[in-house]
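Below you'll find the structure, written out as structure tokens, and then a few comments.
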Amino acid sequence: VAERIAAAPGGKEYGFLSVLVQYAAVPRIEFSVPAGAFTPRPKVDSTILTLTMRDRPVTIANDEALFLRVIKAAFSQRRKTLRNSLAQLGYPREVMSAVMDGTGIDLGRRAETLSVSEFCRLSNFFSSKHSKNAEKQI
């Protein structure tokens, strides 16, 4: 779990938990504690992890609930591209087509390649499109 929390983008350990924690904190693996140090002895070694809370998130998500939905959707089907995994958010095709121009993020990428900042940019893009669509309906 500690390795998943501290994982950098691009690796198989990087996922929803990594992005969620790294949005608010800087994780650092300190050291491992062998299973034999505990009684009863567990089946796995333990890892000491330090989380240094950020004064502010790395970048600000305008709508944190949407930010969580975007991350969850992106990692829900790890082997799919962002285009396919984010389709479950229900945005119209024209919004999805505008993502590259609006964010610089290619939806042909996979979720594990995006940084926390890129997830914020993506979420903020969808947030702005959602508010514009809501304004049109008023």
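The values are calculated or read from the model by the stated rules, or taken from the named source; none is laboratory data. Model, not experiment: these values are computed from the prediction. A quick note on method: Cβ atoms are made from the backbone with ideal geometry, for glycine too, and the neighbour counts reach across all protein chains shown. All accessible areas refer to the heavy atoms of the entire protein, side chains included, with ligands and DNA or RNA removed. Shrake-Rupley method; radii C 1.70, N 1.55, O 1.52, S 1.80 Å.
A few notes on this one:
- Region 55-65 - phi-based ³J(HN,Hα) in whole Hz, Karplus 6.51/-1.76/1.60, Gly and Pro as x: 5, 9, x, 3, 9, 8, 8, 4, 9, 5, 5
- Hz values of 3J(HN,Hα) by residue in region 28-35 - Karplus curve (6.51, -1.76, 1.60), Gly and Pro given as x: 9, 6, 8, 6, 9, 10, x, 4
- Total lysine pairs in the chain at Cα distances under 27 Å, for residues eight or more apart or on different chains: 7.
- Estimated FRET transfer efficiency when R0 is 30 angstrom, pair A8-T39 (beta carbons, to 0.05): 0.30
- Length-normalised contact order for the chain - Cα pairs under 8 Å, 6+ apart - percent: 25 percent
- Using distinct alpha-carbon pairs, which all enter the 1/r mean, Kirkwood radius of the chain in Å: 16.5 Å
- Under a 5 Å amide H cut-off, with hydrogens placed 1.01 Å from N, V26 pairs with T52, M53, R54 among residues at least 5 apart or on other chains.
- Between I29 and D101, the C-beta separation translates, for a Förster distance of 30 Å, into a calculated FRET efficiency of about 0.20.
- Dipole magnitude of the chain about its Cα centre (Cβ charges: Lys, Arg +1; Asp, Glu -1), debye to nearest 20: 420 debye
- When the trypsin sites (Lys or Arg not before Pro) in region 23-98 are filtered for DSSP coil states and for at most 15 other beta-carbon atoms within 10 Å of their beta-carbon, the remaining sites are K43, R54, R78, R79, K80.
- Of F67, A8, I48, farthest towards positive along the dipole that unit charges on Lys, Arg, Asp, Glu beta carbons give region 7-69: I48
- Database remark: amide H of T47 closer than 5 angstrom to the amide H of V33 (H placed geometrically; neighbours at sequence offset of 5 or more, or on other chains; Pro and chain starts carry no H).
- Heavy-atom SASA rank of V21, V26, V99 (probe 1.4 Å, accessible area, largest first): V26, V21, V99
- Dipole axis of the chain (+1 Lys, Arg; -1 Asp, Glu on Cβ), positive-most option in L86, I105, P34: L86
- Carbon/sulfur fraction of accessible area - the chain, other protein chains in place, 1.4 Å, %: 53 percent
- All other residues whose Cβ lies under 14 angstrom from that of A61 are scored, Lys and Arg at +1 and Asp and Glu at -1, for a net of +2.
- Accessible surface computed residue by residue for region 5-121, with neighbouring protein chains in place and a 1.4 Å probe, gives 59 Å² per residue.
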